[in-house]
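Heads up: the structure comes next, in structure tokens.
The values are calculated or read from the model by the stated rules, or taken from the named source; none is laboratory data. From a predicted model like this one, the values you see are computed outputs, not experimental measurements. Here the Cβ positions follow ideal geometry from the backbone for every residue, glycine too, while neighbour counts run over all protein chains shown.
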Amino acid sequence: MKTTKAILTELAACPEAVKWAGRKTHKKAWETCKWGDWLLWIAGRLDVDRKLLVLAACACARTALRFVPRGEDRPRIAIETAEAWVRGEATIEQVRNAALAALAAADAAAHAAYAAAYAAADAAANAASRAAYAATDAAHAAAYAATDAAYAAHKNMADIVRKTIPFSVIKKAIAEYEGKEEK
């Protein structure tokens, strides 16, 4: 049986993940990893059932819906359409179209955020008052708080992935991977 580190190396995992795996057993690595994206990546590389991967990714994505502006339904619809695909109630084409619509929503939001940030930075650079500096400080504090919140939410994604894809599924996938390697 190959070590977790050896499998991650063979699958071309990022150096940080390989280093983190160290001497951890497969089970210990799966149960203690704090990064949901790493867990989804390894499950995908081990050919875990695509529907389980989609369900886990959708469950993770749902946690971000609270940041979507009221009335913007495209991200939620994309998640729901992917979940419907898992149940056999939507086509892959419907999933792609919903995902493209959600991407357009995200792109529009990113452009709006950039424009607002640019305007705020421009105002702060040209203003000669303390109010401009205070606004800049508040913006920095908000950005740091948002980063902290995103980091905490990211760590919770690992638990969401593990709930959808239990170690028993990963154990079976590793056994199948090792069996393929021997042939």
Pick out the one residue from 54, 18, 48 that is among the hydrophobic types (A, V, I, L, M, F, W, C), within 26 Å of residue 75 (Cβ to Cβ) and more than 16 Å from the chain's Cα centre (by Cα). 48
Can you name the condition, by its number, that residue 64 falls short on among (1) without any contact (Cβ under 8 Å) to a residue 40 or more places away in the chain; (2) surrounded by fewer than 18 Cβ atoms within 10 Å (Cβ to Cβ); (3) hydrophobic (A, V, I, L, M, F, W, C)? (1)
Matching residues, segment 27-48, being within 19 Å of residue 12 (Cβ to Cβ) and either in contact with a strand residue (DSSP E or B) (Cβ under 6 Å, 6 or more places away or on another chain) or part of a loop (DSSP other than H, G, I, E, B) (or both): 33, 35, 46, 47, 48
Scan 90, 57, 64, 82 and give me the residue that is closer than 14 Å to residue 161 by Cβ and in contact with a helix residue (DSSP H, G or I) (Cβ under 9 Å, 6 or more places away or on another chain). 57
Segment 1-44: number of residues that are out of contact with any Lys or Arg (no Cβ under 9 Å at 6 or more places or on another chain) and not hydrophobic (A, V, I, L, M, F, W, C): 7
Pairing a residue in segment 1-25 that is in a loop (DSSP other than H, G, I, E, B) with any residue that is surrounded by 15 or more Cβ atoms within 10 Å (Cβ to Cβ) and not aromatic (Phe, Trp, Tyr), where Cβ atoms lie under 7 Å and the two sit 6 or more apart in sequence or on different chains, gives 11/45; 22/5; 24/4; 25/4
Just wondering, is there one or more residues in segment 75-86 that are in a loop (DSSP other than H, G, I, E, B) and surrounded by 15 or more Cβ atoms within 10 Å (Cβ to Cβ)? no
Result of the Cβ filter at 8 Å on segment 158-183, keeping first residues that are closer than 21 Å to residue 86 by Cβ and partners that are of a type in the set (Gly, Ala, Ser) and at pLDDT 95 or above, at least 6 apart or interchain, is 161/43; 165/43; 169/43; 170/43; 173/43
Would you confirm whether any residue within segment 24-31 is buried (at least 18 other Cβ atoms within 10 Å of the Cβ) and under 13 Å from residue 164 (Cβ atoms)? yes
Does residue 51 fit the bill of being part of a helix (DSSP H, G or I) and either at pLDDT 95 or above or touching a Leu at 6+ places or on another chain (Cβ under 7 Å) (or both)? no
Yes/no for residue 99 being modelled with pLDDT of 85 or more, within 23 Å of residue 164 (Cα to Cα) and hydrophobic (A, V, I, L, M, F, W, C): no
